[in-house]
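Reviewing the structure listed below.
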């Protein structure tokens with residue numbers, strides 16, 4: 001009887017691990033994209049104020065987060081392209097172009113569907 005209880009408990013524990021870990025991983029992915037959107041929006045805000053350097057910093061942070069999401073999505077791919085452009089323009093001192101690309105990235109990133 002005791003063996004049966006232990007076996008059942010181990011089965012429940014094993015199933016919990018098999019189901020729980022992918023769910024936690026999915027939550028981490030959702031956090032990456034959500035945080036990337038927040039940084040992209042911050043880049044837009046600073047770019048509108050003419051702060052190209054800060055726009056580039058936020059765009060770079062968003063880019064790193066977006067690349068870390070590991071989600072298959074054409075919107076994520078487009079967001080990454082826009083963020084790359086935003087970083088380059090921001091570092092070159094082009095606040096308007098950094099802002100435009102950061103806005104494009106934010107628009108695409110909010111469309112990324114988490115799996």
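Remark: pairs (first residue in segment 39-66, over 12 Å from residue 102 (Cα atoms); second residue crowded, with 24+ Cβ neighbours inside 10 Å; Cβ separation under 6 Å; 6+ apart in sequence or on different chains) = 65/36; 66/36; 66/79.
Scanning segment 66-75 for residues that are assigned to a helix (DSSP H, G or I) and buried (at least 21 other Cβ atoms within 10 Å of the Cβ) turns up just one, 66. Under 17 Å from residue 31 (Cα atoms) and touching a helix residue (DSSP H, G or I) at 6+ places or on another chain (Cβ under 8 Å): is that true of residue 92 in this structure? No: the conditions fail for residue 92. You will find that of 78, 85, 111, the residue that is in a loop (DSSP other than H, G, I, E, B) and either within 11 Å of the chain's Cα centre (by Cα) or without any contact (Cβ under 8 Å) to a residue 40 or more places away in the chain (or both) is 111 and no other. When segment 39-60 is filtered for residues that are farther than 12 Å from residue 105 by Cβ and assigned to a helix (DSSP H, G or I), the ones remaining, listed by number, are 45, 46, 48, 52, 53, 54, 56, 57.
Checking each residue in segment 96-115 for being modelled with pLDDT of 95 or more and buried (at least 21 other Cβ atoms within 10 Å of the Cβ) picks out 98, 99, 101, 102, 105, 106, 108, 109.
The values are calculated or read from the model by the stated rules, or taken from the named source; none is laboratory data. Keep in mind that what you see is a predicted model, and the values were worked out from it rather than measured. Ideal geometry is used to build each Cβ from the backbone, glycine not excepted, and the neighbour counts take in all protein chains shown.
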